1. In Å and on Cα atoms, what radius of gyration and Dmax does the range B:89-133 show?
2. Which net charge results when you count Lys and Arg as +1 and Asp and Glu as -1 among the other residues whose beta-carbon is under 11 Å from that of A:A21?
3. Please sort B:121-131, B:72-82, A:33-43 by packing, taking for each peptide the average over its residues of neighbouring beta carbons within 10 angstrom, highest first.
4. If you take each beta carbon of peptide B:76-88 and count the beta carbons of other chains within 10 angstrom, what is the mean?
5. Could you let me know the centre-to-centre spacing of the range B:82-98 and the range B:36-55, using Cα atoms, in angstrom?
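Just so you know, all these numbers are worked out from the coordinates, no wet-lab data involved. Only a predicted model underlies this, so the values are computations on that prediction, with no experimental measurement involved. As a convention, Cβ positions derive from the backbone with ideal geometry for all residues, glycine included, and neighbour counts pool all protein chains shown.
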Amino acid sequence: MIPEDVEQLDPGLARERTKLAWARTAIAFAAVGGAILKKEPVAGLIVLAMTPLIWGLGRFVGHTAERPELQPRRLLAVTVTVVTVSVLAMVIALVGHPPTSLRDLLPLHG
Amino acid sequence: MEERRAARDGGDDHDRGSPHAPTEPDARFTLANERTFLAWNRTALALVVAGLGIVQLLPPFPGVPWGRHVLGIPLIVLGAGVSVISYGEWRRTQAALRRGASLPRSVLPRVLAGTIAGIAALSAAVLLVSAAR
């Protein structure tokens, strides 16, 4: 009863690759957040805050067999975060400087 | 309709006897589909950052004050579009896997190639206008 393809016994390597893909995606968010942070601290922090969310979602890889109905929501969360980042980027690009920078938020004037 | 039902129910009410009844596909196919989706989303993120970088980090083109925005904003919009389209394609692929149907063809390579080529042409135009002034 041993299948020809060893991975058919346990999709362990495929699962591993998928976990790594989630990790790369989370790291991409961290890199983008870090890049934005220098010029736009608030927007950068918002993007950085998405990193643990994506990382956390990646921990559920392989649990899809038990709860397949949750999988679309996990992936939709990724699309929602990417769209959020692009809306932030659009605001920064159009306004030049969004109304809030850290200096505006903290009462450091005068 | 059947596609939507299959995606929502997750193949819980499948009938293994008939060939087109929705069944949960091989886990490796599901995982590969998920990786493809994630790869597209990283691409989308890269497009957004590229667009933002053009608007914020490039020095303005002499004589073309709107030049950076004309190049950067389409890239940002494309990034959001790629992410949304890739989610739709992930769903359709997953539904096709459940039905055992042939996989739908992706429009994303065409969208990406078309827009990048367009932005390259636009860059050349902005540079020419800038040089002429």
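1. Taking only Cα atoms of the range B:89-133, I get Rg and Dmax of 18.9, 60 Å.
2. Overall, the nearby charge balance is +4.
3. By packing density, highest mean first, the sequence is B:72-82, A:33-43, B:121-131.
4. Other-chain Cβ atoms within 10 Å of each residue's Cβ, averaged: 5.
5. So the separation of the two Cα centres works out to 19 Å.
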